[in-house]
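Readers should treat all values here as calculations from the given coordinates under stated rules, not as data from a laboratory. Quantities reported herein were computed from a predicted structural model and do not represent experimental measurements. Cβ sites come from the backbone with ideal geometry, for glycine too, and all protein chains shown count toward neighbours.
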Amino acid sequence: MLRLGVPSKGRLMDKTFDWFGKRGLTLTRSGSDREYAGHVEGADIALVMLSAGEIPRELAAGRIHLGVTGSDLVRERLTRWDTRVKALAPMGFGHADLILAVPKVWIDVDTLDDLDAACAQFRATHGHRLRIATKYHRLVRDFLRQNGVADYQLVDSQGATEGTVLNHTAEAIADITSTGETMRANHLKVLDDGLIHASQATLFRALDAPWDKAAKAVLEDLRERLA
Ligand SMILES: Nc1ncnc2c1ncn2[C@@H]1O[C@H](COP(=O)(O)OP(=O)(O)OP(=O)(O)O)[C@@H](O)[C@H]1O
Ligand SMILES: O=P(O)(O)OC[C@H]1O[C@H](OP(=O)(O)OP(=O)(O)O)[C@H](O)[C@@H]1O
């Protein structure tokens, strides 16, 4: 049976259910609100409720055939993600931009080139590298390498990342923003060319899952509904 992984709670779950509903597939949770089980009416699909952050790993391992999660999480959590999953459909919700931001008071720093210069100056002055707090290590490293910024260090931050500058545990941050409120409240500004990835919820197909005849037939039916 085709296994579909969907976010088990929060902002992504309800919109995922609505999205499939509009395409003729009714996803329902069984039991209580707190029970992580569900089923699909209208197709031979097993519903697997998972944390959005774990869906990339389950897709890569082939334990689910299809999965809904943020495009940022797939890129961050899977090495060479495009060899392991394929995006079937951007879903039009869960939008969030992964960006690079610095303190608003750094009036000379508006671009990545400025940041590069600030990194060199920071090291000369302080004797250690400028710290960038993030939980998106892979995406931030790749982005800075492609843009020629090298003289920094990443500091792991799994939450409240915008607060790290005020708390003096980092000089800059890379995190997701949607309304921009949290950035503003913490006196940060996004670099003009600091957009690392524009994320949204996306339906992915696992390339290495057991795609037997029955699973392929369900996928074909789904493709027609998507078209
Ligand atoms: N304002 C927002 N804040 C955080 N994530 C957002 C926001 N808007 C959209 N997203 C997206 O939601 C996804 C993360 O969802 P969520 O926080 O539910 O996942 P998770 O890391 O598995 O959560 P948890 O660890 O709480 O189970 C990411 O793809 C992210 O880009
Ligand atoms: O641009 P905004 O609308 O202000 O939203 C951005 C904030 O939302 C997320 O935090 P979340 O609530 O998921 O908590 P986290 O700090 O644990 O990531 C994200 O990490 C930002 O802090």
task = Compute the length gained on full extension between residue 114 and residue 141: take 0.36 nm times their separation in residues and subtract their Cα-Cα distance, giving the result in nm to one decimal.
result = 8.0 nm
query = Going by alpha carbons, how many degrees (0 to 90, nearest 10) lie between the helix axis of 213-226 and the longest principal axis of the chain?
reply = 70 degrees
Net charge over other residues, Cβ less than 15 angstrom from the Cβ of residue 21 (K, R count +1; D, E count -1) = +2
query = Considering amide H positions built from the backbone, and no H for Pro or chain starts, which residues 5 or more places from residue 197, or on another chain, come under 5 Å of its amide H?
reply = 98
task = Select from 131, 11, 77 the residue whose mean-square fluctuation is largest in a Gaussian network model of the chain (Cα-Cα springs shorter than 10 Å).
result = 11
task = Could you work out how far apart the two model spin labels at residue 18 and residue 168 are, taking each label as a point 7 Å from the Cα in the direction of the beta carbon, and quote it in nm?
result = 4.5 nm
key: All lysines inside 16 Å of residue 104 as judged from Cα atoms, apart from same-chain residues fewer than 8 positions distant   = 189
ask   = Which of 76, 41, 171 moves most in a GNM of the chain, Cα contacts under 10 Å?
value = 41
task = Would you mind checking which residues have amide H under 5 Å from residue 69's amide H? H placed 1.01 Å from N; only 5 or more apart, or other chain.
result = 202, 204
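Where does the charge balance sit around residue 174 when Lys and Arg score +1, Asp and Glu -1, over other residues with C-beta under 14 Å from its C-beta? Write down the numbers at each step before the final one.
Details: positive: 75, 131, 135, 138, 141, 145, 189; negative: 72, 76, 97, 142, 156, 162, 171, 175, 193.
Local net charge: -2.
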inquiry  = What distance in nm separates the two pseudo spin-label positions at residue 106 and residue 41, each 7 Å out from Cα along the beta-carbon direction?
reply    = 5.4 nm
request  = Could you work out how far helix 112-126 tilts from the main Cα principal axis of the chain, as a 0 to 90 degree angle to the nearest 10?
outcome  = 50 degrees
ask   = What spacing in nm lies between the two simple spin-label points modelled at residue 225 and residue 95, each 7 Å away from Cα in the Cβ direction?
value = 2.5 nm
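Measure up 15/86; 86/135; 22/135 against 32 Å on the Cα-Cα distance and list the ones that go over.
Numbers: 15/86 21 Å; 86/135 24 Å; 22/135 34 Å.
Over 32 Å apart, Cα to Cα: 22/135.
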inquiry  = I'd like to know which of 180, 195, 161 lies farthest towards the positive end of the charge dipole of the stretch 98-227, counting +1 on Cβ of Lys and Arg and -1 on Cβ of Asp and Glu.
reply    = 161
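Over the chain, what is the percentage of antiparallel beta bridges among all DSSP beta bridges, to the nearest 5?
65 percent
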ask   = When only Cα pairs under 8 Å and 6 or more residues apart are kept, what is the percent relative contact order across the stretch 96-199?
value = 49 percent
key: Max mean-square fluctuation residue, GNM over the chain, Cα-Cα springs under 10 Å, options 107, 173, 99   = 107
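Counting only DSSP beta bridges with both residues in the stretch 96-199, what percent are antiparallel, rounded to the nearest 5?
On the way: 12 of 19 bridges.
Antiparallel: roughly 65 percent of the beta bridges in the stretch 96-199.
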task = Pop out the ³J(HN,Hα) list for the stretch 41-51 in order, Karplus 6.51 cos²θ - 1.76 cosθ + 1.60 with θ = phi - 60°, rounded to Hz; leave Gly and Pro as x.
result = 9, x, 6, 7, 10, 8, 8, 10, 8, 9, 5
request  = Go ahead and run the numbers for FRET between residue 26 and residue 207, Cβ-Cβ distance against an R0 of 25 Å, rounding to 0.05.
outcome  = 0.35
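Determine the sum of side-chain charges near residue 93: Lys and Arg each +1, Asp and Glu each -1, restricted to other residues whose C-beta is under 12 angstrom from that of residue 93.
Numbers: positive: 11, 15, 22; negative: 14, 18.
Spelling it out: positives minus negatives among the neighbours equals +1.
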